[in-house]
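A.B. asks: Quick one: the structure is below, questions incoming.
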Amino acid sequence: ALGAFEIDGGMTYLENEPLENVRRLPLYREHYVFVARRDHVEAMRETITWREAAAHRLCLLSEDMQNRRIINNLAASIGVTIKPEIVSNSFLGICSHLRHGEWASIVPHTFFYVFGGAPDLVAIELVEPVHSQSIGLVLSDRDPPSPMAGALIGSIGDTDIEADLAAVANPI
């Protein structure tokens, strides 16, 4: 859409799939957590391995979503295949299944920031491997930038999204 002049900017993964002819402005690093209800068998743990997480009844994003492709690639890197029982094309759908069912999920750590804490859910850090990647703004590589792209750049000036995310009450 940037190349077709349909949008002036977007927010995406900066290190995962090829990005051409764009300016990249990193905003924060995303990492992944295993999320389940507070009564889940794993709820009291501080960490869980990817291999252990994959063995649970999972609800994940569909494979057309970049986040899911990242999860699949991470699991494959350690010889694990992720086989969710439920797939959704939205985190809202995943949140609903987590809150009202017996499923768990693997989501970005920002999940709780978006869903207001979700006190009935817990997040457990995923390890073996620990993985993070950069999320940021992408803008057409034009000079001068469009007025809207300039406004986007200006809007993130002194913003420390990493610190803002860290300040959110951690549900762990």
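The values are calculated or read from the model by the stated rules, or taken from the named source; none is laboratory data. Quantities reported herein were computed from a predicted structural model and do not represent experimental measurements. Note: ideal-geometry Cβ built from the backbone for every residue, glycine included; neighbour counts use all protein chains shown. In case anyone asks, the SASA skips ligands and DNA or RNA and just uses the protein heavy atoms, side chains included. Shrake-Rupley method; radii C 1.70, N 1.55, O 1.52, S 1.80 Å.
A.B. asks: How large a share of the accessible area of segment 1-154, in percent, is made up of carbon and sulfur atoms when the probe is 1.4 Å and the other protein chains stay in place?
C.D. replies: Numbers: 4340 of 8040 Å².
Whole-percent figure for carbon plus sulfur exposure: 54.
A.B. asks: Separate question: On a 0 to 90 degree scale, rounded to 10, what angle separates helix 66-77 from the longest Cα axis of the chain?
C.D. replies: With rounding to tens, the tilt is 60 degrees.
A.B. asks: Taking a probe of 1.4 Å, how large is the accessible area per residue of segment 1-52, in Å²?
C.D. replies: Numbers: 3300 Å² over 52 residues.
Per-residue value: 63 Å².
A.B. asks: So, one more: Return a whole-number percent for the relative contact order of the chain, with Cα pairs under 8 Å and 6 or more residues apart as the contact set. All intermediate terms of the calculation are to be shown ahead of the outcome.
C.D. replies: Details: 263 pairs, mean separation 72.7, N = 172.
The normalised contact order for the chain reaches 42 percent.
A.B. asks: Peptides 18-24, 133-139: what's the order by average Cβ count within 10 Å, highest mean first?
C.D. replies: Values: 18-24: 12.6, 133-139: 19.3.
Packing proxy ranking, top to bottom: 133-139, 18-24.
A.B. asks: Within segment 3-98, list the chymotrypsin sites (Phe, Trp or Tyr not before Pro) lying in a DSSP loop whose Cβ has at most 13 other Cβ atoms in a 10 Å radius.
C.D. replies: Working: sites: 5, 13, 28, 32, 34, 50, 91; in loops: 5.
Sites meeting the loop and neighbour criteria: 5.
A.B. asks: Also, quick follow-up: If you add up the charges near residue 110, with Lys and Arg at +1 and Asp and Glu at -1, over every other residue whose beta carbon is less than 13 angstrom from its beta carbon, what do you get? Could you put the intermediate results ahead of the total?
C.D. replies: Numbers: positive: 29; negative: 30, 162, 164.
With Lys, Arg at +1 and Asp, Glu at -1, the neighbours total -2.
A.B. asks: Another question, if that's okay. Please compute the volume of the convex hull spanned by the alpha-carbon atoms of the chain and report it per residue in Å³.
C.D. replies: Values: hull volume 20.4 nm³, N = 172.
Dividing the Cα hull volume of the chain by its residues yields 119 Å³.
A.B. asks: Take every DSSP beta bridge with both residues inside segment 30-172 and express the antiparallel ones as a percent of the total, to the nearest 5. Can you show the working numbers first?
C.D. replies: On the way: 11 of 18 bridges.
That works out to approximately 60 percent antiparallel.
A.B. asks: I would also like to ask the following. For segment 90-122 and segment 1-46, what is the separation of their Cα centres, given in Å?
C.D. replies: 16
A.B. asks: Can you run phi through the Karplus equation (6.51, -1.76, 1.60; θ = phi - 60°) for segment 89-102 and list ³J(HN,Hα) in whole Hz, with x for Gly and Pro?
C.D. replies: 9, 8, 5, 4, x, 4, 4, 4, 5, 5, 6, 10, x, 9
A.B. asks: Right, here's the next one. For n ≥ 4 DSSP H runs only, could you compute -39500 (n - 2.57) per run for the chain, divide by its residues and tell me the 222 nm figure to the nearest 500?
C.D. replies: Values: 6 runs with 47 residues, N = 172.
When only DSSP H runs of four or more count, the value is -7500 deg cm²/dmol.
A.B. asks: Would you mind calculating the relative contact order of segment 86-172 from Cα pairs under 8 angstrom and at least 6 residues apart, reporting the percent as a whole number? Mind showing how you got there, number by number?
C.D. replies: Numbers: 28 pairs, mean separation 35.1, N = 87.
With pairs under 8 Å counted, the relative contact order is 40 percent.
A.B. asks: With an 8 Å cut-off on Cα pairs and a minimum separation of 6 or more residues, tell me the relative contact order of segment 1-102 in percent.
C.D. replies: Values: 65 pairs, mean separation 25.6, N = 102.
Relative contact order comes out at 25 percent.
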